[in-house]
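Just below is one structure, and these are the notes that go with it.
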Amino acid sequence: MAAQAAEAAGESPALAKPRAAGGTLGTLLHGVRLALLCAAAFAAVATVWAIARAKRCGDSRQGACGQRFSLDTSHLASTPAWFNDTCPLRFDRIPYEDLQNGSRPYLFGGVQRPQCTNCHIDTLWANFCQYKNSGPVCYDWDIDGLSREFVARAEAGNVGARELLDMTPCDLFSFIRGRTLWLIGDSIQQEYMRAMQCFVYEWWDMDIKHMDRYFPQATLEGLLGGWCVEMPESTKICHLRSNMGDWLVDTLLPRLPALGARRQDIIVLNFAVWINWAQTYREQIAYFAAYHRKHRQELPFIVWRDSSVQHFDTPTGDYECDGCPKAERPFNCHAIDNVTLAADGTLSTTDPVTQVIVEGGWRNKIALPAMHSLGIPVMNTWNSSATLWSYHYNYKGGEDCTHSCHPSAYQTWIYDLVVVLRANLHRLPSPYQPSPAPAPAPAAIAQGAHSAGGDVEEAALENRDNARDARGAAAQGEDTPRGSVEKASSDARDSGAMGSASRLESIAVVHLIQLVVQLTAA
């Protein structure tokens, strides 16, 4: 009768039995059953979470694949709810002792540990991304020298050197998961794209997707080149070519939504080395700044990459600039005299002529104040790259002191990007749903902020056509490699991981059902 009354009232008859017993023992048994049911429910939730995590990580048999980046995060009270530091593949960190003994870090072509897949494929991109023989690849002794350079920096206590050597692709993926990372700029940014896709080359199929595959109208609308690599969890890295600020504003940025860009994406942006005159560059920066203030709410999260160092045979390394001699052929790349890098990451000089290098170069002296006023975070690459002058020689046979072979400074900029994304973690929108505009940087002026030279900005709006006339000849990039590229399918690896997770799921469900039946019986 008690069971029938309980069932009529919406209760489980099994839970009504202790009450019907009417004794202390019945009440105790009832409490035990409740506790065990709660424990079973908790275990089920934990099992489902573990299964989902195993599927995300690529292979449930590999154990904990999530790895936190080793940067100092003490300034962060918490991380956003969307931030997920797990990883689609397992990358064991390379022991520092191995690096000291000659192993290459992942950034400079180190092979995935404990095992790799695309490293065994003989294709154009697989070979290039292992820095073997395709494209502008540095000589082996230069690559080994680059590793030794950063080991020496680490042992000298240079800021960031040890973390750079320690970095795995998982450290980057945590920030770009579920987004498109857009690398927009000139041929320097094009080389940065190559460095980026090689760093994560175990995650894509060795088949780059040119923009005209996604959007056939892109070429017709005047967009220059561009390609993407597709990675797990709806993540992509894409490059779009833009040499000048006015072309960026008039042609590319308004078309970003049509190219699939979303508010939660990230743009790493730069235009610089095509412009050799300060007034022209000031106008181009001002023109972009005016557009950004007007359309900020519509744009993805932007990171500005500072201008890169040139190493021509001139006092400041510049190909050409106001008040400095123009580099003459044949080019002879060399170190910038009397400039040294300190352990704290600063540059110093005893020569007044190269003081501008210590201050970040004349382009950065124009661009960075504007970016700070706009609240755009800056990715600082200048200082750490200033002394890496010898890596120009295997790019176009040394007839270029702007671009470098691979791996070189470009790869170190990947670490620099993670640094700036970590510092701005709470400003990044969630990748999983539309988000409000990024919060302004603390030092940014909230309304109507003007870059240095606001009058120039207004003049740039009225005279933008004049700004298009000056074009530098120092940074002529190459087309992206378009050789025959085979697709390296990772279906077997993925199906193995899914199979392992499915087996775990089946076992967990069976055990849970058995436990519930036992607890609710009699």
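The values are calculated or read from the model by the stated rules, or taken from the named source; none is laboratory data. Treat the numbers as computed from the prediction; the structure is a model and nothing was measured. Heads up, the Cβs are rebuilt from the backbone with ideal geometry, glycines too, and the neighbour counts pull from every protein chain shown. What goes into the accessible areas is simple: the full protein's heavy atoms, side chains included, and nothing from ligands, DNA or RNA. Shrake-Rupley method; radii C 1.70, N 1.55, O 1.52, S 1.80 Å.
Probing with 1.4 Å while keeping every protein chain in the model, the per residue accessible area of region 327-408 equals 39 Å².
Going down the list LYS209/LYS294; LYS132/LYS236; LYS132/LYS365; LYS294/LYS365, which pairs span over 28 Å between their C-alpha atoms? Walk me through the numbers before you get to the answer.
Details: LYS209/LYS294 32 Å; LYS132/LYS236 25 Å; LYS132/LYS365 38 Å; LYS294/LYS365 24 Å.
With Cα atoms farther than 28 Å apart: LYS209/LYS294; LYS132/LYS365.
Using packing as a proxy for protection, rank 105-116, 194-205 so that the peptide with the highest average count of other Cβ atoms within 10 Å comes first. All intermediate terms of the calculation are to be shown ahead of the outcome.
Details: 105-116: 18.8, 194-205: 23.3.
Those peptides, ordered most packed to least, come out 194-205, 105-116.
Please work out how much length the chain gains when fully extended from ALA81 to CYS119, using 0.36 nm per residue of separation minus the C-alpha to C-alpha distance, in nm with one decimal. Mind showing how you got there, number by number?
Values: separation 38, 0.36 × 38 = 13.68 nm, distance 3.48 nm.
Taking 0.36 nm per residue and subtracting the Cα distance, the gain is 10.2 nm.
One decimal place: the segment LEU425-GLN297 gains 44.3 nm when fully extended, by the rule 0.36 nm per residue minus the C-alpha distance.
Note on ARG148 and GLU328: the model spin-label points, each 7 Å out from Cα along the C-beta direction, lie 3.5 nm apart. Please state, rounded to one decimal and in Å, the Kirkwood hydrodynamic radius that region 287-378 gives when every pair of distinct Cα atoms enters the mean of 1/r. With all distinct Cα pairs of region 287-378 included, I get 15.2 Å.
Electrostatic bookkeeping for ALA161 treats Lys and Arg as +1 and Asp and Glu as -1; over the other residues with beta carbon under 11 Å from its beta carbon, the sum is -2.
Taking max minus min of the alpha-carbon positions on each principal axis, region 225-372 gives extents of 49, 35, 33 Å, largest first. What the pair-distance distribution of region 328-416 shows, using all Cα-Cα distances binned every 5 Å from zero, is 2, 13, 18, 22, 22, 15, 6, 2, 0 percent.
Taking R0 as 30 Å, what's the FRET efficiency between HIS210 and TYR139 from their Cβ-Cβ distance, rounded to 0.05? Display every interim value, and only then the final one.
Numbers: r = 30 Å, r/R0 = 0.99.
In this case the efficiency is close to 0.50.
Note on region 95-139: along the principal axes its Cα atoms extend 32, 24, 12 Å, ordered by decreasing extent. Take every pair of alpha-carbon atoms less than 8 Å apart whose residues are at least six positions apart; their mean separation over the length of region 78-237 yields a relative contact order of 26 percent.
Here region 136-166 and region 81-118 have alpha carbon centers that stand 15 Å from each other. Taking only the Cα atoms of region 266-331, the radius of gyration and Dmax are 15.2, 48 Å.
Hydrodynamic analysis of region 235-295 uses the Kirkwood radius over alpha carbon pairs. Inserted into Stokes-Einstein at 37 °C and 0.692 mPa s, it gives a translational diffusion coefficient of 259 µm²/s.
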